[in-house]
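The block underneath contains the structure these notes are about, expressed in structure tokens.
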């Protein structure tokens, strides 16, 4: 698949349509109620498909290793981000950005998995579990940085117990893990009956969701003016750095090609759903326009348009 063929994929085109709609000041909007259902559907479908794949596997070192590394990466990436972003922003904003980049973007993962499916590159269903496991450790790591660097507990708005509950009971994490477990225990006949709903509808639904994200991403770019060029450079450069670390780790640990691509994309992505939901109460001093603007206005479009095909190309060359 050439770069042009990738850009001409329906999901990418709809994302670009959303951006264009903002640029021409169109009144195009996706109803909020529909978006909630849509996001739940995408997470359910992703989790259920991963669960049915996990059902075919035995719990082995080859499964446990990627999950353990993914969890560790989510906790450690914020420690790399924080000192970089702290040069420009205060403690709370820096910790929030660190948590954002340590966590993951489920939609970027979905797009990458669809990219692999189109190229018939196999990957393990346990990578969906890796996605779920990488949501929360980064939040805890970011909040720990905020508390340690501020020198007072007041930087964090909730107790650690409440923060942990928010991380684990977050609707995105809950439906992803729940559908993953459901897919693992559902009989083959039951999974086959859901095939049209879970698999056949998925590409079209992803197009709708990316259309909305194109609208939101284009509007978020304006939020980053205060950060200047530093913010833009960070939003573009850090995914390359973290993605490079992901490729190196995947190679040293012997990941399969498809798993390596997805792990790299997880490392390179940034959360704009789970982290903002948790930090709104847990770190009220942080400015959402900074960490959400960076993740959604710069890093998400970069990964979607350039990061996914770039990661695949590099990994394909190294692995083969």
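The values are calculated or read from the model by the stated rules, or taken from the named source; none is laboratory data. Remember, it's a predicted structure, so these values are computed and weren't measured experimentally. Cβ coordinates were reconstructed from backbone atoms using ideal geometry, including for glycine residues, and neighbour counts include every protein chain displayed.
Summary table below
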{"read-out": "Qualifying position, being out of contact with any strand residue (DSSP E or B) (no Cβ under 9 Å at 6 or more places or on another chain) and either free of Cβ contacts under 8 Å to residues at least 40 places away in the same chain or not in a helix (DSSP H, G or I) (or both), among 216, 233", "value": "233"}
{"read-out": "Breaking point among (1) in a helix (DSSP H, G or I); (2) more than 29 Å from residue 192 (Cα to Cα), for residue 42", "value": "(2)"}
{"read-out": "Options 136, 60; residue that is over 20 Å from residue 211 (Cα atoms), surrounded by fewer than 23 Cβ atoms within 10 Å (Cβ to Cβ) and at pLDDT below 90", "value": "60"}
{"read-out": "Filtered residues of the range 115-150 (kept if assigned to a loop (DSSP other than H, G, I, E, B), within 29 Å of residue 316 (Cα to Cα) and touching a helix residue (DSSP H, G or I) at 6+ places or on another chain (Cβ under 6 Å))", "value": "121, 122, 123, 124, 125, 134, 135"}
{"read-out": "From the options 74, 94, residue that is without any contact (Cβ under 8 Å) to a residue 60 or more places away in the chain, surrounded by 14 or more Cβ atoms within 10 Å (Cβ to Cβ) and closer than 25 Å to residue 239 by Cβ", "value": "94"}
{"read-out": "Count - residues of the range 29-39 that are without any contact (Cβ under 8 Å) to a residue 24 or more places away in the chain and in a loop (DSSP other than H, G, I, E, B)", "value": "1"}
{"read-out": "Meets criteria (within 18 Å of the chain's Cα centre (by Cα) and at pLDDT below 90) for residue 126", "value": "yes"}
{"read-out": "Count - residues of the range 236-259 that are surrounded by fewer than 24 Cβ atoms within 10 Å (Cβ to Cβ) and not in a helix (DSSP H, G or I)", "value": "3"}
{"read-out": "Qualifying residue in the range 169-185 (condition: at pLDDT 85 or above, closer than 16 Å to residue 270 by Cβ and either in contact with a strand residue (DSSP E or B) (Cβ under 7 Å, 6 or more places away or on another chain) or buried (at least 22 other Cβ atoms within 10 Å of the Cβ) (or both))", "value": "no"}
{"read-out": "Count of the range 260-283 residues which are part of a helix (DSSP H, G or I) and surrounded by fewer than 24 Cβ atoms within 10 Å (Cβ to Cβ)", "value": "4"}
